[in-house]
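What follows is calculated from the coordinates using simple rules that are stated; it is not laboratory data. The structure displayed is predicted, hence computed values, not measured ones. Neighbour counts are summed over all protein chains in view; Cβ atoms, including those assigned to glycine, are modelled from backbone coordinates with ideal geometry.
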Amino acid sequence: MSNTRIFKMTFASVYPHYVAKVEKKGRSRAELHAVITWLTGYDEASLQQQIDSRADFEAFFTRAPHPHPNAAQITGLICGYRVEEIADPLLRQIRQLDKLVDELAKGKSLAKILRD
């Protein structure tokens, strides 16, 4: 399976889907940003800059200022794959973000999602 396609997708094209998913379930954009900030280290301004610049996922994660050291604690199934077993580091980061967004949409508390 070639992952090139997902690596080149822009974060800005997927971001509205993340927002819609969490807001549909009664969660807020601020909570979504808290999750993204925890995982990547982006602050509000730099996150918005990544959206505005239409950075692809590869650039988005490569430029992440402070990837969280506890991200390795993100486990479970996403898209039919166990997050912790994904060998490619970039694909694992993308799926970790997907997993966190899913947990937020499913009503899990931020304290549990952020694994601090």
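Here are the numbers:
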{"read-out": "Unique residue being in contact with a strand residue (DSSP E or B) (Cβ under 6 Å, 6 or more places away or on another chain) and of a type in the set (Asp, Glu) when the list is ASP88, ASP56", "value": "ASP56"}
{"read-out": "Failed condition for ARG92, given (1) over 13 Å from the mean Cα position of the chain (by Cα); (2) charged (D, E, K, R); (3) crowded, with 18+ Cβ neighbours inside 10 Å", "value": "(1)"}
{"read-out": "Selected residue (criterion: surrounded by the fewest Cβ atoms within 10 Å (Cβ to Cβ)) from residues of the stretch 28-78 that are outside any helix (DSSP H, G or I) and among the aliphatic types (A, V, I, L, M)", "value": "LEU77"}
{"read-out": "So GLY41, is it at positive phi, without any contact (Cβ under 8 Å) to a residue 12 or more places away in the chain and of a type outside the set (Phe, Trp, Tyr)", "value": "no"}
{"read-out": "Residue count for the stretch 79-102, restricted to those that are part of a helix (DSSP H, G or I) and either more than 17 Å from VAL14 (Cα to Cα) or free of Cβ contacts under 8 Å to residues at least 12 places away in the same chain (or both)", "value": "5"}
{"read-out": "Odd one out for LYS21 among (1) within 14 Å of the chain's Cα centre (by Cα); (2) in a helix (DSSP H, G or I); (3) under 22 Å from THR4 (Cα atoms); (4) not small (Gly, Ala, Ser)", "value": "(3)"}
{"read-out": "Checking GLN48 against (1) farther than 22 Å from SER109 by Cβ; (2) in contact with a helix residue (DSSP H, G or I) (Cβ under 9 Å, 6 or more places away or on another chain), the condition it does not meet", "value": "(2)"}
